[in-house]
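Beneath this line is the structure, given in structure tokens, with notes to follow.
We did not get these values from a lab; they are worked out from the coordinates using the rules stated. What you are looking at is a predicted structure, and each value in this text was computed from that prediction instead of being measured. Neighbour counts run over all protein chains shown; Cβ positions are idealised from the backbone, glycine included.
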Amino acid sequence: MRFAPAAAALSLLLAANASVSHADNTRPDPRAEVLLAQGRAALGAGETQAAIDAFEAALAIDPAYTPIFLELAQVARKEGLQGKAIRYYREALARDPGNLAAISGEGGALFEKGAVEKARGNLAQLESLCGTACPETLELRSAIARGVQPRVAASDAGATTN
């Protein structure tokens, strides 16, 4: 019993130290940032698979860095894989519930998939978080206003009608 006060003080010190070091763990691994930049460059050059490879490598290096999920979701949407994109957006939202880009992106992917009411729910959430004039709200609102764009299958692209 003589050591109880010292043990309590030591455990309090260790708990405070652990929480401070954990809170500082939000900086991304520099290697992951380099891979993100490479992926963005590949995506800009139209090399989708190279972008996916770079983003997945970045995720393997730093699985706690939320922007990687946003990039993977964006690529999935470009590939027409809205379900996969929604999964990535939801992973980002699980890590950062107030991430406006993830809310907007998820709403866009939901709308593209045909879940119009859920997309409008995301729009309402964005409007309550950042207002009606923030870029994320405007982007989702304009996507919903444009309506669903018909997708042309690759096999139909070369077909002619007689």
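The table for this structure:
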quantity	calculated
In Å, descending, principal axis extents of the Cα set of the stretch 82-148	26, 25, 16
For the stretch 82-148, size of Cβ-based charge dipole, Lys and Arg +1, Asp and Glu -1, in debye	220 debye
Reference-scaled alpha-carbon Rg (2.2 N^0.38 Å with N residues) for the stretch 38-118	1.05
Relative contact order, percent, the stretch 64-104 [alpha-carbon distance under 8 Å, six or more residues apart]	38 percent
